[in-house]
Amino acid sequence: MTTMQQIMLAKRPIGTPTKENFRFVETTIPEPKDGEVLIQTLYVSVDPYMRGRMEDVKSYVEPFKLNEVLTGGIVGKITRSKGDHLSEGDYVIGNLAWQEYSIAKESQVRKIDANLAPISSYLGVLGMPGLTAYFGMTEIGDPKENETVVVSGAAGAVGMIAGQIAKLKGAKVVGIAGSDEKIDYLKNKAGFDMAINYKTTDNIHQALKDACPDGVDVYFDNVGGTVSEAVYPLLNTFARIPQCGAISSYNKTGDDIGPRIHTYLIKSRVRIQGFIVGDYADQFQEGARELGKWLQEGKLTYEETINDGFENIPDSFLGLFAGNNIGKQLIRVGEE
């Protein structure tokens, strides 16, 4: 085989992205030069933050460019090496192109150990989502024993780990998710004390009030919008809000307008802090070590939704905004 498929950004979305925003292109498999490796793509990660990169607006990460190959977290296997440190057969992780094979300098990827954990987990619980949950919850949320923690988007790759970390710290944890299957997972596998289906609950504020009779001390927010508006009145004095995401607004074409929250923040002296995982880059080793330890001890569980086939990457990405995934959404492109 001498050719491969790659996926480009064909046009910028207006509102919810569609397949028309992507274009498949066939091209020649490249050859590595000195100091480079050729990597066969095995698993591709799709993540909600990528929606923001499809817009041509200033943000914490550079926008994707039109008519260029999209990029993201990828685990692959080295098939040819002209480097000094990585060999054929090594598994690596890196921010690579959405294509079946990639060229990278050795410094652009990191070798991973398939004997310690499944290679897919390095894109989830042991990767960016797990670290996001770890630092957001431990550094900003800082839950104490017997406090009440609420997590929105709780059945996602970040939310389910964030909630379990709060449980390990001795807190009572209530999750918010959007299907009965997700609710069952949170309560019966992830160990949440309570979980609420916001799509079928008549009054989510009352449901949260019933689930949190002592109020809310930490709100790990992945969603924003009306879900968060139901939480704000329940915030206790000196509550903390790690603001991780706002997926409810990612595809809005107009302003995201809602109730004013300032009174709640002032009255309860709430600390709300937006963050991205890169803020804690100098602590990544510490976070990965702790997550790996909990995983080996059986104190953390995780879920992956894996779709097969390079051609299914766009559909898997679009499915994030329909809530189709439980845990980390991945696409398996090649055989390990």
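Being free of Cβ contacts under 8 Å to residues at least 24 places away in the same chain and among the small types (G, A, S) is true for just one of G298, G334. Which residue is that?
After ruling out the rest, the residue left standing is G298.
State all residues of segment 174-202 that are among the β-branched types (V, I, T) and in contact with a Ser or Thr (Cβ under 8 Å, 6 or more places away or on another chain); if no residue qualifies, say none.
The answer is V174, I176.
For residues that are crowded, with 16+ Cβ neighbours inside 10 Å and not aromatic (F, W, Y), scanning just segment 308-318, find the one that is nearest to E100 (Cα to Cα).
Applying the filter and picking the extreme gives I313.
Cβ-Cβ below 7 Å, separation at least six or inter-chain, first residue in segment 119-136 and over 15 Å from A190 (Cβ atoms), second outside any helix (DSSP H, G or I) and of a type in the set (S, T, N, Q): which pairs?
These pairs meet every condition: L123/S45.
Can you name every residue in segment 221-271 that is touching a Ser or Thr at 6+ places or on another chain (Cβ under 9 Å), more than 26 Å from A157 (Cβ to Cβ) and assigned to a helix (DSSP H, G or I)?
Of everything in segment 221-271, just one residue is touching a Ser or Thr at 6+ places or on another chain (Cβ under 9 Å), more than 26 Å from A157 (Cβ to Cβ) and assigned to a helix (DSSP H, G or I), namely K267.
Take residues that are closer than 20 Å to L235 by Cβ and among the charged types (D, E, K, R) and tell me which of the strands (runs of 3 or more DSSP E) falling wholly in segment 136-219 contain 1 or more.
172-177
Residue check, Q285 against (1) loosely packed, with under 14 Cβ neighbours inside 10 Å; (2) assigned to a loop (DSSP other than H, G, I, E, B), all met but one. Which one?
Q285 satisfies every listed condition except (2).
For segment 169-177, state whether one or more residues are more than 22 Å from N197 (Cα to Cα) and modelled with pLDDT of 95 or more.
yes
Go through D256, D214, D210 for me and flag whichever is closer than 20 Å to T16 by Cβ, surrounded by fewer than 17 Cβ atoms within 10 Å (Cβ to Cβ) and of a type outside the set (F, W, Y).
D256
Output yes when any residue across segment 12-23 is more than 27 Å from T305 (Cβ to Cβ), among the charged types (D, E, K, R) and touching a residue at least 24 places away in the same chain (Cβ under 8 Å), and no when none is.
Checked against the condition, which is being more than 27 Å from T305 (Cβ to Cβ), among the charged types (D, E, K, R) and touching a residue at least 24 places away in the same chain (Cβ under 8 Å), segment 12-23 yields no hits at all.
When segment 50-79 is examined, which residues are found to be at pLDDT 95 or above and among the hydroxyl-bearing types (S, T, Y)?
Answer for segment 50-79, where residues must be at pLDDT 95 or above and among the hydroxyl-bearing types (S, T, Y): T71, T79.
Condition check: within 21 Å of S249 (Cβ to Cβ) and either buried (at least 24 other Cβ atoms within 10 Å of the Cβ) or within 15 Å of the chain's Cα centre (by Cα) (or both). Does V149 satisfy that?
no
Please count how many residues of segment 32-51 are under 17 Å from W98 (Cα atoms) and either among the charged types (D, E, K, R) or under 17 Å from the mean Cα position of the chain (by Cα) (or both).
Residues flagged as under 17 Å from W98 (Cα atoms) and either among the charged types (D, E, K, R) or under 17 Å from the mean Cα position of the chain (by Cα) (or both) within segment 32-51 amount to 9.
Restricting the first residue to segment 66-83 and requiring it to be within 30 Å of E20 (Cα to Cα) and touching a residue at least 12 places away in the same chain (Cβ under 8 Å), which pairs with a second residue that is among the basic types (K, R) and in a loop (DSSP other than H, G, I, E, B) meet a Cβ separation below 8 Å and a spacing of at least six or different chains?
Close Cβ pairs satisfying both conditions: L66/K11; L66/R12.
Where in segment 48-127 are there strands (runs of 3 or more DSSP E), lying fully within it, with 3 or more residues that are surrounded by 14 or more Cβ atoms within 10 Å (Cβ to Cβ) and in contact with a Lys or Arg (Cβ under 7 Å, 6 or more places away or on another chain)?
Strands (runs of 3 or more DSSP E) meeting the threshold: 91-97.
A quick yes/no check of all residues on (1) over 25 Å from P118 (Cβ atoms); (2) touching an Asp or Glu at 6+ places or on another chain (Cβ under 9 Å):
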{"residue": "H262", "(1), (2)": "yes, no"}
{"residue": "R271", "(1), (2)": "yes, no"}
{"residue": "Q285", "(1), (2)": "no, no"}
{"residue": "K293", "(1), (2)": "no, no"}
{"residue": "Q296", "(1), (2)": "no, no"}
{"residue": "E311", "(1), (2)": "no, no"}
{"residue": "P314", "(1), (2)": "no, no"}
{"residue": "I326", "(1), (2)": "no, yes"}
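Here are T301, T305: which of them is among the β-branched types (V, I, T), surrounded by 15 or more Cβ atoms within 10 Å (Cβ to Cβ), in contact with a strand residue (DSSP E or B) (Cβ under 7 Å, 6 or more places away or on another chain) and not in a helix (DSSP H, G or I)?
After applying the criteria, what remains is T305.
The values are calculated or read from the model by the stated rules, or taken from the named source; none is laboratory data. All of these numbers come straight from a predicted model, not from anything done at the bench. Using ideal geometry, Cβ is built from the backbone for each residue, glycine included, and neighbour counts are taken over all protein chains shown.
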